[in-house]
Amino acid sequence: MFPSEVTDFFRTQKTPFYYYDMDVLNTTLNEIREHGISKGFRVHFALKANNQPKILEKIKEAGLGADCVSGGEVQRAIDSGFTPDEIAFAGVGKSDEEMELGLKHDIFCFNCESTQELEVLNELAGKYGKTARIALRLNPNVEADTHKYITTGLNENKFGINASDLDEVLAMLPALKNLKLIGIHFHIGSQIEKFTPFEELCIKANALNDHIEEKGFELSVINVGGGFGINYGHPNDNSVPDFERFFGLFEQNINLKDHQQLHFELGRSIVGQCGSLISRVLFTKYGQTKNFAIVDAGMTELIRPALYQAAHRIDVLTSSRAEEKYDVVGPICESSDTFRTDISIPKVERGDLVAIRSAGAYGEVMRSAYNLREANPTVYSDEIG
Ligand code: LLP
């Protein structure tokens, strides 16, 4: 829970707004340094999870690189101080302009997903007299056991090159003179809470690594992507994911060759727990079958519940009354604009403040202006008081 001075400050702010606890972010980054970076792993932060310049600055300072999926993200990474050799560019549909931007800056690596993409990148690199470093994104056909919208490593998904096409792609590469293959890349999905999918990924990655090296290619980068899940129901502010176990799993299960480095691209597990969406109760409605707490944040500010049926913990910051059961809903004219159904929280009244937790990843970045809603300024813990 927040200290009372923080809640007092919140009362003066225009809601809804995103609040980031920079201490939680720092603790998370320290864990990543201790259990990942110190083992020689390279960790890239997936900007798609959060692209607030102030957050990026801290992540950069901690020694992480940037994983980008659009020209806008590549530019944001550069503007936030990441050097080009710290930037990877992934994505199943990169436009020519976006590839040109990456080439112009000579970024570390393009993660490529199709033969056509390789051909176009080769042509563009030639046009600019550059050699593009590439990693092949391979689809390992591993079931990530997560929501179907965020499963990415099955043959039926649009992502990556299927194992059956790999030899054909490898055969093409020598003719693509402006590309240099430096690695392989995987990403099986997001919000993965069990460890077995990652173990399965390691088995597939090891086999593919051996296969490609046996064909005479030297891979220096083995990138196992992101996907590490967080606890959306965490009871306190400091529920940092177990990075020791996560990195330890890969350390044990990936067979790195001497010239290889293990790379990760994590988003949610780095920024998820440091962010909360602070909202005010507008009205309460007590009905025959349901009670509603109508808050001023909606699916426009946090779409995850509507899109993935995500259940974010909700804390009431200004009431310690006896508990009542509510559906906590937003003001948008869609029934999916519901944060939680039938949750027991202290009875709320108009004006009470609530914190919707674990909203630091895929929260603010996915907000929309639907219903012409305006964004209120973001608040950072180290700027209060
Ligand atoms: N690498 C690639 C290629 C990805 O597609 C993603 C996420 C990541 C890394 C980072 O994954 P993470 O560590 O954050 O799980 N909007 C959804 C999540 C979409 C994830 C897309 N890709 C949500 O709110 O749950």
Practice task
Using every pair of alpha-carbon atoms in the range 230-315, split the distances into 5 Å bins beginning at 0 and state the percent of pairs per bin, rounded to integers.
Solution key: 3, 9, 15, 17, 15, 11, 9, 7, 5, 4, 2, 2, 1, 0
Exercise for the section: In whole Å, largest first, what are the principal axis extents of the Cα atoms in the range 17-72? Expected result: 35, 28, 15
Problem - More than 27 angstrom apart: percent of Cα pairs within the chain - result: 51 percent
Practice task
Taking the Cα centre of the chain as origin, sum charge times position over the Cβ atoms of Lys and Arg (+1) and Asp and Glu (-1), and report the length of that vector in debye to the nearest 20.
Solution key: 720 debye
Exercise for the section: Give the order of 348, 295 when sorted by the count of other beta carbons within 10 angstrom, beginning with the fewest. Expected result: 348, 295
Practice task
Find which of 164, 78, 185 sits farthest along the positive direction of the dipole of the chain, computed with +1 on the beta-carbon of Lys and Arg, -1 on that of Asp and Glu, about the Cα centre.
Solution key: 78
Exercise for the section: Divide by every residue of the chain the summed helix terms, -39500 (n - 2.57) for each DSSP H run of at least 4, and state the resulting mean residue ellipticity at 222 nm, rounded to the nearest 500 deg cm²/dmol. Expected result: -8500 deg cm²/dmol
Practice task
Could you work out which residue, out of 269, 95, 80, moves most in a Gaussian network model of the chain, that is, has the largest mean-square fluctuation with Cα springs under 10 Å?
Solution key: 95
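Where does each of 333, 274 land when they are ranked from fewest to most other beta-carbon atoms within 10 angstrom? Display every interim value, and only then the final one.
Values: 333 9, 274 29.
Listed from fewest to most nearby Cβ atoms, that is 333, 274.
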Completion exercise
Shape descriptor, the range 158-248: equivalent ellipsoid semi-axes (Cα gyration tensor, sqrt 5λ, whole Å, largest first) stand at 33, 12, 12
Exercise for the section: May I ask you to give the average projected area over all directions of the convex hull of the Cα atoms of the range 273-383, in nm² rounded to one decimal? Expected result: 7.1 nm²
Problem - Within the range 22-271, percent of DSSP bridges classed antiparallel, to nearest 5 - result: 5 percent
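No value in this document is a laboratory result; all are computed from the given coordinates. Just so we're clear, the structure is a prediction, and the values are computed from it rather than from any experiment. Cβ sites come from the backbone with ideal geometry, for glycine too, and all protein chains shown count toward neighbours.
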